[in-house]
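A short write-up of the structure that comes next.
Here, each number is a calculation from the coordinates, and none is a lab measurement. Because the structure is predicted, anything quoted here is derived from the model rather than measured. Note that each Cβ is placed from the backbone with ideal geometry, even for glycine, and that neighbours are counted across all protein chains shown.
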Amino acid sequence: MKVLVINCGSSSLKYQVLDMDGENLLAKGLVERIGMDGSVITHTKIGSDDKWKNEVPMPTHKEAIEQVLNAIVDPEHGVLHDMSELGAVGHRVVHGGERYANSVLIDEKVLTHLDELSELAPLHNPANILGIRACQKLMPNTPMVAVFDTAFHQTMPAESYIYALPYEYYEKYGVRRYGFHGTSHKYVADRASKIMNVSLDDMKIITCHLGNGASVSAIKRGKCIDTSMGFTPLEGLVMGTRCGDIDPSITTYISEKENLSAEQMNEIMNKKSGVLGISGISSDFRDIEAAAEEGNERAQLTLKVFAHKVRAYIGAFIAEMNGLDALVFTAGVGENDIAMRDIICNDLGNLGIKLDLVKNKIRGREAIISRDDSPVTIMLIPTNEELMIARDTVDIVEKNR
Ligand code: AMP
């Protein structure tokens with residue numbers, strides 16, 4: 001079955017076409033500036049040097065999806081003869097709340113639920129819904145599946161997800177830890193088990209998804225038992241521009257001092273904090289590392305603060321699982337940042353984590369990077385959320401035939 005995977009944001013959209021018979025990627029692309037001047041689609045046909053850029057007005061997500069479908073069947077740049085070749089569409093949906101612990105075939109009832117869940121993910125779910133609606137208009141007979149970022153974390157026990165606030169806020173408003181990046185954590189945990197040739201049932205794994213957004217998960221016997229992101233993707237690690245864990249009183253203190261509204265404070269914590277906020281340089285680790293090498297002390301401090309937080313979560317999750325078999329690094333920083341993996345793993349020998357500094361000199365491909373005498377196997381595993389979405393999509397469509 002050929003599957004189109006859609007990851008729809010408010011003004012951009014990423015897509016992939018996969019042939020799931022051999023799990024081969026056929027094409028991928030990106031639409032940017034939806035609803036703005038200068039909307040553009042960049043389409044890449046895999047296995048050729050063909051990178052096609054087409055600037056065309058896309059006032060809404062419907063025109064954006066139209067352009068994606070045109071690109072996929074384009075005689076020169078496309079990978080399908082016509083749309084009927086497409087067996088299903090898999091949509092990444094950020095928030096599935098407590099209702100969706102698994103992916104689901106989309107119908108009107110599901111769309112109503114997603115709409116209700118927009119309250120919990122106002123920046124993400126509305127855009128995901130726009131993408132789904134636009135696809136439904138253009139492909140009314142093609143089955144669509146929603147794959148949720150939160151679903152994998154629904155196995156967490158209550159002690160991991162309940163906040164120490166009055167319990168009524170959980171009951172009335174669903175205020176609890178949900179966790180995000182679930183598709184990525186699940187994918188790399190599955191790969192770790194395959195690479196080590198040990199059943200997930202017999203493994204304790206910590207997965208570190210370190211990208212612009214970053215989270216750590218504790219996975220015991222294949223099930224997530226804790227994760228660092230919370231009610232929203234703001235909690236946990238220090239991120240590109242997000243602050244992660246802070247004393248909650250800081251928000252009222254700064255907003256009073258600076259006369260900021262709740263919305264402005266939220267913007268600061270989401271867009272102006274993290275490694276950008278500490279360094280004052282950039283949200284990109286490459287820029288911060290370059291500055292640190294030139295002797296910039298705030299850049300050096302930024303890297304230390306980031307690593308400190310990852311290490312603290314690793315320690316906490318080892319305690320929660322009473323041990324660790326595999327530590328996995330993934331996403332932009334996790335896959336590429338040799339120096340950061342080194343700082344994170346440095347001097348953790350007492351926890352069984354011994355990085356091999358030579359094997360660690362690798363980027364962007366699957367590898368075991370621990371020393372032979374390391375009780376914990378440390379791994380670099382590039383994430384592949386799209387493949388995971390496509391797998392779930394095929395699975396759900398076949399089950400519902
Ligand atoms: P992601 O959100 O997973 O796409 O990760 C994006 C982030 O990965 C970028 O903002 C960079 O901070 C980081 N990154 C990508 N390549 C490198 C690299 N070679 N060295 C250090 N950091 C990198």
Matching residues in the range 355-378 - criterion: being crowded, with 19+ Cβ neighbours inside 10 Å and closer than 12 Å to Leu324 by Cβ: Ser370, Ser374, Val376, Thr377, Ile378
Residue identified as among the aliphatic types (A, V, I, L, M), under 20 Å from Ser228 (Cβ atoms) and under 19 Å from the mean Cα position of the chain (by Cα) among Ala192, Ala158: Ala192
Index of the failed condition, Leu25 passing every other in (1) part of a strand (DSSP E or B); (2) more than 19 Å from Val89 (Cα to Cα): (2)
Lone unmet requirement of (1) farther than 24 Å from Asp392 by Cα; (2) out of contact with any His (no Cβ under 6 Å at 6 or more places or on another chain) for Lys2: (1)
Where Gly213 falls short, out of the listed (1) within 16 Å of the ligand (Cβ to nearest atom); (2) touching a strand residue (DSSP E or B) at 6+ places or on another chain (Cβ under 8 Å): (2)
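Which one of Pro248, Pro157, Pro166 is away from the ligand (no atom under 16 Å from the Cβ), surrounded by fewer than 15 Cβ atoms within 10 Å (Cβ to Cβ) and touching a residue at least 24 places away in the same chain (Cβ under 8 Å)? Before you say what the answer is, go through the steps one by one.
On the way: Pro248 fails: touching a residue at least 24 places away in the same chain (Cβ under 8 Å); Pro166 fails: touching a residue at least 24 places away in the same chain (Cβ under 8 Å).
Every option except Pro157 fails the conditions.
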